[in-house]
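A short write-up of the structure that comes next.
The values are calculated or read from the model by the stated rules, or taken from the named source; none is laboratory data. Quantities reported herein were computed from a predicted structural model and do not represent experimental measurements. Cβ placement follows ideal geometry from the backbone for every residue including glycine, while neighbour counts extend to all protein chains displayed. Heavy atoms of the whole protein, side chains included, go into the accessibility calculation; ligands, DNA and RNA do not. Shrake-Rupley method; radii C 1.70, N 1.55, O 1.52, S 1.80 Å.
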Amino acid sequence: MSVAENLRQIEQRICEACERSGRRREDVTLIAVSKTKPVSMIQEAMDQGIVDFGENKPQELRDKYEVLPKDLHWHMIGNLQRNKVKYVVGRAVMIHSLGSLELAEAIEKDAARKNLVMPCLVEVNMAGEESKGGIAPGQAEEFVRTVSAFEHIQIHGFMTIAPFVDDPELNRVHFRGLRNLAVDIGRKNIDNVMVNELSMGMTGDFEVAIEEGATLVRVGTGIFGERNYSL
Ligand SMILES: *Cc1c(COP(=O)(O)O)cnc(C)c1O
């Protein structure tokens with residue numbers, strides 16, 4: 001199926017999830033996760049009005065940023081190594097994967113050098129999966145407080161990558177948990193910290209995530225088809 005047709009279906013499902021949960025469509029942003037996919041497919045999505053794109057490799061984000069119109073919004077959603085922060089800061093509108101103090105320090109340093117403030121989401125490992133990065137839920141508040149002192153990072157909220165499951169209902173507990181954590185930390189009114197964004201939900205579970213309060217959903221396969229990593 002074409003990118004345009006896939007987008008129509010995803011859009012329909014987003015609208016229905018918003019309706020079910022009494023939310024407004026404009027409060028949910030669809031991020032088209034274009035990792036491994038060619039620029040031509042990104043242009044097909046742009047033709048349908050998509051402006052937010054997600055990448056998980058710093059150099060790939062940089063390369064696509066350089067060749068595409070500058071008014072697109074690039075989201076860094078993947079594991080980010082300190083020495084690759086420089087490709088992302090100044091190009092991405094948001095880093096979703098802030099999950100360690102070392103990374104925060106590297107972002108702070110590069111953003112200071114570039115004289116800008118980098119919007120970030122704190123990645124929380126809700127399911128406690130060893131294979132995944134992110135802060136444990138119980139350490140999130142302390143982490144947020146520490147990073148709030150960094151002048152060139154602005155925290156905007158939280159992100160989680162839920163486990164890969166067949167039944168998306170199984171991830172509802174993790175999405176609800178992230179939302180509760182965000183509400184709790186938001187109530188503390190920590191200086192220099194905003195808790196407006198919840199980045200959660202992928203192709204397999206974005207509807208449940210929207211029902212639980214996602215403001216940013218990250219959909220790749222559902223828009224661009226399966227990825228081929230053997231290329
Ligand atoms: C690849 C990726 C996605 C998109 O996954 P799909 O299942 O293809 O929708 C979302 N979030 C992150 C962090 C990813 O790496």
Check the straight Cα-Cα distances from residue 188 and name the aspartates and glutamates below 14 Å, setting aside those fewer than 8 residues away within the same chain. 141, 142
Pop the C-beta distance of residue 25 and residue 166 into the FRET formula with R0 = 25 Å and round what comes out to the nearest 0.05. 0.35
Considering only protein heavy atoms and a probe of 1.4 Å, how much of the accessible area of the range 53-176 is carbon and sulfur, as a whole percent? 49
Please list, or write none, the lysines whose alpha carbon is within less than 23 Å of the alpha carbon of residue 114, excluding same-chain residues fewer than 8 places away. 57, 64, 70, 84, 86
Taking only Cα atoms of the range 134-231, radius of gyration then Dmax in Å: 15.1, 47
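Hey, what number do you get for the chain at 222 nm if only DSSP H runs of n ≥ 4 count, each worth -39500 (n - 2.57), divided across all residues, to the nearest 500?
Value at 222 nm, helices only: -11000 deg cm²/dmol.
For a protection proxy built on the mean count of beta-carbon atoms within 10 angstrom, sort 9-16, 31-38, 185-192 highest first, please.
Averaged packing, sorted descending, gives the order 31-38, 9-16, 185-192.
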Spelling out what I want: for every residue of the range 118-134, take phi, set θ = phi - 60°, compute 6.51 cos²θ - 1.76 cosθ + 1.60 (Karplus), and round to whole Hz; glycine and proline get x. 8, x, 9, 10, 7, 7, 10, 8, 5, 8, x, 6, 5, 6, 10, x, x
Between residue 151 and residue 51, how high is the FRET efficiency from 1/(1 + (r/R0)^6) when r is the Cβ-Cβ distance and R₀ = 22 Å? Nearest 0.05. 0.20
Give the residue from 106, 186, 21 lying farthest towards the positive end of the charge dipole for the chain; charges sit on Cβ (+1 for Lys and Arg, -1 for Asp and Glu) and the dipole is referred to the Cα centre. 106
Can you tell me the length gained on complete extension of the stretch residue 4 to residue 141, counting 0.36 nm per residue apart and subtracting the Cα distance? 45.2 nm
Inverse mean reciprocal Cα-Cα distance (Kirkwood Rh) of the range 1-108, Å: 15.0
Ranked highest first by average number of other Cβ atoms within 10 Å, how do 175-182, 80-87 line up? 175-182, 80-87
Stretched fully, the stretch from residue 115 through residue 188 gains (0.36 nm per residue minus C-alpha distance, one decimal, in nm) 23.4 nm
At a Förster radius of 30 Å, what calculated FRET efficiency corresponds to the Cβ-Cβ distance of residue 15 and residue 196, to the nearest 0.05? 0.90
How much length, in nm to one decimal, is gained on full extension between residue 180 and residue 130, taken as 0.36 nm per residue of separation minus their Cα-Cα distance? 15.8 nm
Please report the spacing between the Cα centers of the range 164-183 and the range 91-148 in Å, no decimals. 20
Binning every alpha carbon pair distance of the chain at 10 Å from zero, what are the percents per bin? 8, 34, 38, 19, 2
